[in-house]
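Peer 1: A single structure is presented below for examination.
The values are calculated or read from the model by the stated rules, or taken from the named source; none is laboratory data. For clarity, every value in this text was computed on a predicted model and none was experimentally measured. Here the Cβ positions follow ideal geometry from the backbone for every residue, glycine too, while neighbour counts run over all protein chains shown. Heavy atoms of the whole protein, side chains included, go into the accessibility calculation; ligands, DNA and RNA do not. Shrake-Rupley method; radii C 1.70, N 1.55, O 1.52, S 1.80 Å.
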Amino acid sequence: MKVELTVNGAPVAWEIAPGDRLLDSLRAHGCASVKRGCETGDCGCCTILLDGEPAASCVVATAAARGRNVVTLEGLRGDPLLARLQEAFLAEGAVQCGYCTPALLLVAWTLLQSGGPVDEATARHALSGSLCRCTGYVKPLRALLAVAGRPGAQLRGGRGENGLRGRPAAAPRGEERP
Ligand code: FES
Ligand code: FES
């Protein structure tokens with residue numbers, strides 16, 4: 001079957017099997033920033049923007065993306081806000097193995113791009129859907145807050161304490177988990 005959608009601003013028409021997932025389709029078409037992790041909608045490393053909202057691409061059928069607008073980190077290449085976030089992540093040591101980094105950058109970018117107020121609570125909520133085994137979560141949070149104009153914010157917690165994973169879960173990203 002053929003499915004037509006928009007990926008990173010370009011219309012595409014992909015030949016897919018009925019059970020194909022967006023995670024696999026995107027990776028097969030060059031979007032290597034979309035990482036494969038749990039494949040159950042829990043870890044967040046496969047996050048994309050689906051019609052502007054973060055979504056776990058491992059639990060979205062490619063067929064369900066027909067006519068919709070998909071953005072991956074590749075689609076933000078050259079974006080000044082993304083560049084600022086990347087610099088802040090590096091400055092804060094928020095990139096270690098880097099496996100979670102594309103998704104963290106994407107959700108951080110989405111929060112900042114929304115233009116709404118950004119404080120520690122909103123930043124924690126935005127990042128809380130992404131598991132990271134390396135940074136203890138506070139470094140990405142600091143990076144996001146620095147770009148939001150809140151550098152030096154007194155953050156609570158660290159690895160295994162009151163870091164992001166100790167917070168209530170963010171709004172689910174998979175369409176099957178409203
Ligand atoms: S691979 Fe873990 S949420 Fe998709
Ligand atoms: S930097 Fe390694 S999982 Fe986040």
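Peer 1: Multiply the residue gap between Ala17 and Cys97 by 0.36 nm, knock off their C-alpha separation, and tell me the result in nm, one decimal place.
Peer 2: Computed gain between Ala17 and Cys97 is 25.5 nm.
Peer 1: If you wrap the chain's Cα atoms in a convex hull and average its projection over all directions, what's the area in nm²?
Peer 2: 9.6
Peer 1: Would you work out which of Gly75, Trp14, Ala64 lies farthest towards the positive end of the dipole of the chain? Charges go on Cβ: Lys and Arg +1, Asp and Glu -1.
Peer 2: Gly75
Peer 1: R0 = 30 Å: FRET efficiency of Ala28 with Asp51, Cβ-based, nearest 0.05?
Peer 2: Working from the Cβ atoms, E equals 0.90.
Peer 1: Please pull out the direction-averaged projected area of region 78-165, using the convex hull of its alpha-carbon atoms, in nm² to one decimal place. Each step should come with its number before you reach the end.
Peer 2: Working: hull surface 20.2 nm².
Answer in nm², one decimal: 5.0.
Peer 1: At R0 = 30 Å, how high is the FRET efficiency between Lys2 and Arg77 if r is their beta carbon distance? Nearest 0.05 is fine. Walk me through the intermediate numbers first.
Peer 2: On the way: r = 27 Å, r/R0 = 0.90.
That gives a FRET efficiency of 0.65.
Peer 1: With n ≥ 4 as the cut-off for DSSP H runs, can you work out [θ] at 222 nm for the chain, using -39500 (n - 2.57) per run divided by the number of residues, rounded to the nearest 500?
Peer 2: -8500 deg cm²/dmol
Peer 1: Can you give me the % of accessible surface on the chain that is carbon or sulfur? Probe 1.4 Å, all protein chains present, nothing else counted.
Peer 2: 52
Peer 1: Scan around Val7 for amide H atoms under 5 Å from its own, H built in the peptide plane at 1.01 Å from N, and keep only partners 5 or more places away or cross-chain.
Peer 2: The answer is Val12, Val70.
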